[in-house]
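Please treat every number below as a calculation from the coordinates, not as lab data. Keep in mind it's a predicted model, so treat the numbers as computed, not measured. Cβ: placed from backbone, ideal geometry, glycine included. Neighbour counts: every protein chain shown.
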């Protein structure tokens with residue numbers, strides 16, 4: 001990272017560096033790093049006592065299993081880390097009389113760079129592989145627009161276009177690649193800042209529970225750029241020439257550089273190989289048996305034909321199979337019920353399991369898109385006539401891209 005050789009280590013700068021050094025390391029070790037689980041186990045009792053004593057709230061770790069990164073426990077953890085960092089800074093300031101921390105600053109820059117690289121690589125690959133924001137599933141397409149959550153709306157918007165997934169994912173991967181090298185770190189921090197500032201705003205505006213992490217990633221980018229702030233200000237704001245950056249190695253020995261470059265090359269080669277393997281496996285996933293959306297045209301229950309009344313929860317509106325081992329049934333009022341699914345294609349039966357209930361339906365294809373299902377459901381005999389549909393039958397998924405539009409197609 002270009003470090004200004006004119007950096008003034010004033011008392012305030014030294015105190016600020018001590019705080020950032022401690023807090024950044026504690027946060028990175030405790031959040032999405034290889035040993036973060038060990039750290040959580042070690043200081044969870046401290047966080048619990050901290051939350052209860054100073055904030056009057058219980059800090060439960062159960063939220064860590066929900067997929068949310070913005071639970072009460074997470075906010076209390078950040079408050080705990082900030083408090084701990086302030087206390088450690090005070091002790092460090094009393095005991096340490098050094099007037100500069102150039103080597104420690106270089107070490108912190110390296111750690112922050114590689115933390116950002118890992119995060120950007122993971123999120124970038126998730127988008128390129130179409131896994132973070134997958135194509136809208138049948139249950140999303142069946143859901144009334146107004147009943148979607150803000151986060152669900154964002155996931156549908158992003159997932160609709162693989163091209164936009166690819167664009168945003170490549171932006172994150174580009175930032176990671178540039179951060180991998182000292183001489184392109186400033187450019188990498190600028191690219192990553194642009195990408196992550198947009199992600200952070202989306203998280204705040206669409207109620208996505210990754211606000212804490214995305215905010216910290218933006219702060220890390222700003223930290224890297226602040227070290228080169230005077231040169232960037234001269235170039236972008238004052239329109240003045242600027243001198244070359246002071247660009248030191250963390251260690252100057254030739255052996256260190258050789259080991260570093262070898263490890264970096266192995267990591268890059270291993271990453272590319274892993275991506276190739278994942279892509280080959282991901283793109284060759286077969287669709288599960290009975291894949292598709294089945295619109296229920298007729299339904300007979302206990303020899304009673306049920307009219308398609310929107311108030312009748314006994315009558316089905318759709319059956320959908322998209323994910324291996326899973327199926328859903330949408331009732332006429334619009335409620336969606338999920339089931340575990342087991343299919344025998346030779347005997348042509350499917351077992352729908354929900355809790356302690358397990359119902360078997362026999363199926364047969366009677367036309368190009370016509371299907372019949374019959375069996376017992378919760379003790380009732382059921383006969384269903386359905387029409388098979390694919391995602392392209394929905395306007396959202398079937399419209400596609402058009403170079404020429406004589407008028408806006410806004411529905």
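Using a Gaussian network model of the chain in which every pair of alpha carbons under 10 angstrom is joined by a spring, one finds that among 243, 226, 137 the greatest mean-square fluctuation is at 243.
Against the chain, whose longest principal axis is taken from its Cα atoms, helix 36-50 shows a tilt of about 80°.
Between 18, 255, 326, the Gaussian network model of the chain with springs among Cα atoms under 10 angstrom shows the greatest mean-square fluctuation at 255. The range 333-387 and the range 162-184 have their alpha-carbon centroids 45 Å apart. By the count of other C-beta atoms within 10 Å, a proxy for reagent exposure, 98, 389 are ordered fewest to most as 98, 389. Over the Cα atoms of the range 11-250, the radius of gyration divided by the Kirkwood radius equals 1.01; this is the Rg/Rh ratio. Helix 254-283 and the long axis of the chain differ in direction by around 10°, with both axes built from C-alpha atoms.
Between residue 323 and residue 236, take the C-beta separation as r, use R0 = 45 Å, and let me know the FRET efficiency to the nearest 0.05. Present the calculation step by step, with values, prior to reporting the outcome.
Numbers: r = 48 Å, r/R0 = 1.07.
Result of the calculation: an efficiency of 0.40.
Hey, with R₀ at 45 Å, roughly what FRET efficiency would residue 92 and residue 277 work out to, going by the Cβ-Cβ distance, to 0.05? Between residue 92 and residue 277 the formula returns 0.50.
Would you work out if the range 292-395 is rounded, prolate or oblate? Take a ≥ b ≥ c from the square roots of the eigenvalues of the alpha-carbon gyration tensor; rounded if a/c is under 1.5, else prolate when a/b is larger than b/c, oblate otherwise.
Working: a/c = 1.20, a/b = 1.02, b/c = 1.18.
Verdict is rounded for the range 292-395.
The angle between the Cα long axis of helix 162-179 and the main principal axis of the chain comes to about 20°, on a 0 to 90 degree scale.
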